[in-house]
Amino acid sequence: KGEPIRVPCATPTTRPVSMATLLRRADSLTGRAFLRRLSAAFGWRYVAACILAYGVNQGMGEKFVFGARQYYLLDDIGMTSAEYGRVAGFSHIPWQLKSLFGLLSDTVPLGGMHRAPYMLIAGVLGLFALGMLTALPAATVSAPLAGFLLLLTNVNFAMPDVMIDATVAERAKVRPELGAALQALCWGSLGVAGVPAGVVKGYLIEWYGARRRALPRRHARRPAAIEVGLPPPGSSLASPSSPPWR
């Protein structure tokens, strides 16, 4: 029998990864390239307005407000389950009026702008309502008053939501290749900000107990305050003197 033929194995060669490649990969993982691409197309102010409206105001604000609402109404005010259901249902009326908010902003500009003034009004209403819920003693808050103040907080969430949705649709018509990216920006901001807010909300309720949930409500005022500051970055949302997508 002859000797087995041995074929020398080729030594694998590895190419060194350049710093530019590492930076590109880091940008892809962190979303910086994604944000730069949208900022180059629509402006960083518009991208910031989307993140603040969907992520901070809606993603974080809803978690704090809706998480504290049940304990506040049932434990602090002492509502029955039936009263709580009526108040909660009444407070969600603004979400059923989103089409009316959109029609109003399209047909009645304020100060030469179609979107930003309405977002400012919504933020002021939400800040006022949450401030009143925090400042008023629970014994002085009736069910109708609580329902009205919670309705104003939902105006703070629903009105900017429809304003941003309208601007996304307008920009998607101009840049259809970025339509999916804009949707990803909005819903991604909602999820990224909402998850940690939900975790913190649970720990706050556990640490401070059923009778000390003023802390979540005070923190909930901050997203509404963010909404008040949205008109400066959101000033490019719409203008009658320019195309509606600007």
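The values are calculated or read from the model by the stated rules, or taken from the named source; none is laboratory data. Everything numeric in this text was worked out from a predicted model, so none of it was measured. Glycine also receives a Cβ, built like all others from the backbone with ideal geometry; neighbour counts cover every protein chain displayed. We work out accessible area using only protein heavy atoms, side chains counted, and drop any ligands, DNA or RNA first. Shrake-Rupley method; radii C 1.70, N 1.55, O 1.52, S 1.80 Å.
Looking only at the range 174-183, which residues are open to solvent by 40 Å² or more (accessible area, probe 1.4 Å), assigned to a helix (DSSP H, G or I) and touching a helix residue (DSSP H, G or I) at 6+ places or on another chain (Cβ under 8 Å)? Q183, the sole residue that qualifies.
Per-residue answers, yes or no, for (1) open to solvent by 30 Å² or more (accessible area, probe 1.4 Å); (2) on the phi > 0 side of the Ramachandran plot; (3) modelled with pLDDT of 90 or more:
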position	(1), (2), (3)
D76	yes, no, no
G85	yes, no, yes
G89	yes, no, yes
I93	yes, no, yes
Q96	yes, no, yes
S105	no, no, no
L127	yes, no, no
V168	no, no, yes
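Scanning the range 46-73 for residues that are closer than 15 Å to L151 by Cα, of a type outside the set (S, T, N, Q) and within 11 Å of the chain's Cα centre (by Cα) gives G61, E62.
Wholly within the range 36-144, which helices (runs of 4 or more DSSP H) include no fewer than the required count, namely at least 2 residues that are of a type outside the set (K, R) and more than 13 Å from V155 (Cβ to Cβ)?
Passing ranges, in order: 44-50, 61-71, 81-91, 98-107, 116-135.
For the range 89-134, the set of residues classified as touching a strand residue (DSSP E or B) at 6+ places or on another chain (Cβ under 9 Å) and either free of Cβ contacts under 8 Å to residues at least 60 places away in the same chain or among the aromatic types (F, W, Y) (or both) consists of Y118, I121, listed by residue number.
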